[in-house]
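Notes to accompany the following structure.
The values are calculated or read from the model by the stated rules, or taken from the named source; none is laboratory data. Everything numeric here is computed off the predicted structure, so don't read it as measured data. Don't worry about glycine lacking a Cβ; one is built from the backbone with ideal geometry, like all the others, and counts go over all protein chains shown.
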Amino acid sequence: MRREVRRCMAMLLISSFPVSGAAAADPAAKPGPDPISEALCGRIVKGGSVKLAAELDEFNAISVPPAWREVEVQNFQRWLEAPVCAGASEQDVKRYQSRQRTLAQFGRRLERAKVTEQMGSALAPWRGWRPGPEEWPGSWECQGCGALRSSAVRIADVAARWPSRSSTRLGPRLGEAAKREALVAELCVARPSSKAREEIEKRFRYYSWTVGGAKLLEVAAFFEQPEVAAGCRDR
């Protein structure tokens, strides 16, 4: 009996103190509206979201709006994935969709930038490479050898000029990617035909054992790497 009395008194003491923290939270309470979604709909919110959203209405297919140049790529993803605002009117939906189309164009350019950035890792082993003395057979005897030699020189030249990524902000990141596209074009044009490698492997296998011959086979393998193939796709 005494044990039951003590238990009841303890329960009364606990209930006499106010509940705080997570226990006091209303389980039915809903989070506030997403400021990015609100801004995309044209609603007024605190912070710089309104300015960023408004600049999307002045979209230029080439340049990035001033405020957006300073946006971190990681934060840009939040804008790209933001849903339409709650309780959106017809006008809100139209404004949201228009601004999301602009964001989607930035998103596609950013994805392409990532593709070209990955090509840099494949080019790294070629940076600083220089062709050695000509080893036989000559180009007049082995056309595939000549094609691969020419490709090797072009790869090394592009690798020497390839810019590395220097920023995590949207504007500079897209600007760097645009500069790389000219180099990507040079690189993809240098892609040899599959017959070039076959000629060495079938007719001049002994040549593939030399230092120069082995390097030429690396040229063929270079363009087969997934990151390089992705960068040269549709080119």
Next item on the list: Name every residue in the range 210-234 that is more than 23 Å from Q143 (Cβ to Cβ), touching a residue at least 24 places away in the same chain (Cβ under 8 Å) and surrounded by fewer than 20 Cβ atoms within 10 Å (Cβ to Cβ), in order of residue number.
Entry: Q225, E227, A230
Item checked: Residue, surrounded by the most Cβ atoms within 10 Å (Cβ to Cβ), within the range 166-182, restricted to residues that are in contact (Cβ under 8 Å) with a residue 24 or more places away in the chain and under 15 Å from V115 (Cβ atoms) -> R180
Checklist line | Selection within the range 136-193 - among the small types (G, A, S) and not in a helix (DSSP H, G or I) | finding: G138, S139, S164, S166, S167, A190, S193
Notebook entry, point to check: Pick from L80, L110: which is out of contact with any strand residue (DSSP E or B) (no Cβ under 7 Å at 6 or more places or on another chain), touching a residue at least 60 places away in the same chain (Cβ under 8 Å) and either among the aliphatic types (A, V, I, L, M) or outside any loop (DSSP other than H, G, I, E, B) (or both)?
Noted result: L110
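I need a count of the residues in the range 188-225 that are farther than 20 Å from R154 by Cβ and either under 36 Å from the mean Cα position of the chain (by Cα) or aromatic (F, W, Y) (or both).
Residues that pass the stated criteria total 5.
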Check: Just a yes or no: is a residue in the range 156-165 out of contact with any Asp or Glu (no Cβ under 8 Å at 6 or more places or on another chain), at pLDDT below 85 and surrounded by fewer than 17 Cβ atoms within 10 Å (Cβ to Cβ)?
Finding: yes
